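Read through the structure below, which is laid out as structure tokens, and then see the notes.
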Amino acid sequence: MGLDEQIERANRRAVELGAAHPRAVSARYDNRVGRIVIHLSSRLDVTFSPRDAEGLEHATPAQLEPIEISPSGFGIHFPKLDADIYLPALLEGFLGSKRWMAGRLGADGGRSKSAAKASAARKNGRAGGRPRKNATAAMA
């Protein structure tokens, strides 16, 4: 496949992607509510907390401005953090890589309060609680 054919195929894929997904028209950080607001070509607004997005979770409000939009409209870039968000993935509910998202979900699961978890804790408490570590095993 020649270079011209590769360019033509890439252009066709870009047109198909553009027709299937809305693009970012503008993006800003709303300091009043502490959320990033992205206005889409479909006339919808998407907002989310920076704490919920990989690379933005520890950002200060000053680091969240300006926000740049890629020429295709599918990428959002935070130059002060060198962080990027891919808009089609964001619209599918992904605010980071699979590994990062799995870590966040695991942390949330550990903090969850359920009847089963409370019951297990009570049962463990009646049995004397968590076993003490063996002093020789702790030194190893």
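What list of ³J(HN,Hα) couplings, whole Hz, do you get for the stretch 29-45 from phi and the Karplus terms 6.51, -1.76, 1.60, once you set θ to phi - 60° and write x for glycine and proline?
9, 9, 5, 4, 9, x, 9, 8, 10, 10, 8, 9, 5, 7, 6, 9, 10
Quick one: what are the phi-derived ³J(HN,Hα) couplings along the stretch 121-128, Karplus 6.51/-1.76/1.60 with θ = phi - 60°, whole Hz, x for glycine and proline?
Once θ is set to phi - 60°, the couplings for the stretch 121-128 become 5, 5, 4, 5, x, 5, 8, x Hz.
How far apart, in nanometres, would the label points at Glu65 and Arg51 be if each is projected 7 angstrom from Cα along the Cα-to-Cβ direction?
2.1
Just want the answer: with Cβ charges of +1 for Lys and Arg and -1 for Asp and Glu, which residue in Gly75, Gly34, Val15 is farthest toward the dipole's positive end in the stretch 3-94?
Projecting each Cα onto the dipole axis, the largest value belongs to Gly34.
May I ask for the distance between the Cα centers of the stretch 3-31 and the stretch 40-77, given as a whole number of Å?
Result: 17 Å between the Cα centres.
I need the calculated FRET efficiency for the pair His58 and Leu17, taking r as the beta carbon distance and R₀ as 25 Å, to the nearest 0.05.
0.20
Between Arg130 and Arg43, how many nm apart are label points set 7 Å from Cα along the C-beta direction?
Spacing of the two 7 Å Cα→Cβ label points: 5.6 nm.
Over all pairs of distinct alpha carbons, what does the Kirkwood formula give as the hydrodynamic radius of the stretch 3-94, in Å?
Averaging 1/r across every pair of different Cα atoms and inverting gives 14.0 Å.
If each residue's Cβ is checked for other Cβ atoms within 10 Å, how do Glu68, Glu92 rank with the fewest at the top?
With the fewest neighbours first, Glu68, Glu92 line up as Glu92, Glu68.
Only the coordinates and a few stated rules stand behind these numbers; no lab work does. These numbers come from a predicted model, not from an experiment. Virtual Cβ from ideal backbone geometry, glycine too; neighbours counted across all protein chains shown.
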